[in-house]
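The values are calculated or read from the model by the stated rules, or taken from the named source; none is laboratory data. Keep in mind that what you see is a predicted model, and the values were worked out from it rather than measured. Cβ coordinates were reconstructed from backbone atoms using ideal geometry, including for glycine residues, and neighbour counts include every protein chain displayed. Accessible surface is based on the protein model in full, side chains and every heavy atom, while ligands, DNA and RNA are left aside. Shrake-Rupley method; radii C 1.70, N 1.55, O 1.52, S 1.80 Å.
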Amino acid sequence: MYDKWMEANPKDVVWENLDDGSLEMRSRYIISWLATIGLIVAWSFPAAFIGTLSNLDDLCSKIQWLGWVCKAPNPIPGIIQGILPPALLAVLFAFLPLILRGVFKVLSESIHSIE
């Protein structure tokens, strides 16, 4: 049986961080968790707003100035209720990997070997 070695991509090695102390590494770990939790909390507000669009009939009855949306010609409320929320969620969640990669790059986490 042969020994197998997994070669690290040189781009994955952050040469400046090889001598980081335990305090700096722990602080990066905590900051990354706080950033992830903050992103989850911040992401819930636009997702909740997009979710309310799918219940347009109830929304129009409770908020008077949105009455014009329910009185619009027949396909417009159907498009707003049926097509717009999934499309907006898809766009919203398409940005999530880009934001997480940016957080990992700022926190000096290596991601080159998976690209």
| remark: Rh (Kirkwood, all Cα-Cα pairs) for the stretch 46-104, Å, reads 12.8
| field | Contour minus Cα-Cα distance for Glu7 and Thr36 (0.36 nm per residue) | value | 7.5 nm
| request: Please report, in debye to the nearest 20, how large the charge dipole of the chain is about its Cα centre when each Lys and Arg carries +1 at its beta carbon and each Asp and Glu carries -1 there. | output: 580
| query | Once the dipole of the chain is set up with Lys and Arg at +1 and Asp and Glu at -1 on Cβ about the Cα centre, which of Gln64, Leu23, Phe104 lies farthest towards its positive end? | reply | Gln64
| field | lysines whose Cα lies under 17 Å from that of Lys11, excluding same-chain neighbours fewer than 8 positions away | value | Lys105
| request: Using a 1.4 angstrom probe on the protein heavy atoms only, line up Ile80, Ile30 by accessible area, largest first. | output: Ile30, Ile80
| query | Between Gln81 and Phe104, what is the spin-label point distance in nm, taking each point 7 Å from the Cα along the Cα→C-beta axis? | reply | 4.1
| note | Helix-only [θ] at 222 nm, the chain, -39500 (n - 2.57) per DSSP H run of 4+, per residue, nearest 500, equals -19500 deg cm²/dmol
